[in-house]
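Step one of this worksheet: look at the structure below.
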Amino acid sequence: MNLPLKAGALVAPVAVLAAGAGLLLWSGGDAEVHSAKLAVSDAYVREPANPAEAAAYFTIANKGGGDDTLTGVTASTGRATMHTTNGALMVALSSAPVPAHGSLDFSPGGNHLMIDDPGPLKPGTTVRLTFTFAASGPITVTAPVIGILDPAPGQ
């Protein structure tokens, strides 16, 4: 039985489909706006005064709209652990926040990466550092070893 369609009978279903498609597009774009966009820069390892341990420094910039957390760093040599300096005390860190539209600095006198038993590290050599995060994928950079009195990269 064929019934004639009334004028406007298809308008409501088409409008519902269009609104649904719009919501799908909007929610996908929204997820990207609220995700972290991380980059590691100015990574370096200071030539150690004591061959049993070295310190590494870097900056992680987050140009995205979502927070993330640095959960660990591995080094191509030795065993790396994150620390912060609190007065005269060095305290181990299990993680460190990387705020949306902000940065996380590991610099002398503050947060730093200790590399235990790194082997011989001389200026001109490099150490590969791999950063892991709670939400973002890992990032690997090559950090130059610089002399004890050399200026840090980016300065």
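Give, as a single signed number, the net charge of other residues whose beta carbon lies under 13 Å from the beta carbon of Thr142, with Lys and Arg counted +1 and Asp and Glu -1.
Here the charged neighbours net out to 0.
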Task: Spacing of the two label points (7 Å from each Cα toward its C-beta) at Lys63 and Ala49, in nm - done: 3.8
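Ranked from highest to lowest mean number of other Cβ atoms within 10 Å per residue, what is the order of the peptides 138-144, 84-90?
On the way: 138-144: 14.4, 84-90: 9.4.
Peptide ranking by packing, descending: 138-144, 84-90.
Within 15 Å, Cβ to Cβ, of Ile60, how many net charges do the neighbouring residues add up to if Lys/Arg are +1 and Asp/Glu are -1?
On the way: positive: Lys37, Lys63; negative: Asp42, Asp67, Asp68, Asp105.
Combined, the nearby Lys, Arg, Asp and Glu give -2.
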Task: Built amide H within the under 5 Å cut-off of Phe133, gap 5+ - done: Thr71
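For the ranges 145-151, 51-57, what's the packing order if you count other beta-carbon atoms within 10 Å of each residue, average per peptide, and put the highest first? Before the final figure, lay out the partial values.
Details: 145-151: 12.6, 51-57: 17.6.
Highest-to-lowest ranking by the protection proxy: 51-57, 145-151.
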Open item on the list: Quick check: from the Cα gyration tensor, does segment 38-121 come out rounded (a/c under 1.5), prolate or oblate?
Closed with: prolate
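Every number in this text was worked out from the coordinates using simple rules, so none of it is lab data. Note that this is a predicted model, so its numbers are computed, not measured. For neighbour counting, all protein chains shown are included, and Cβ atoms are generated from backbone atoms with ideal geometry for every residue, glycine included.
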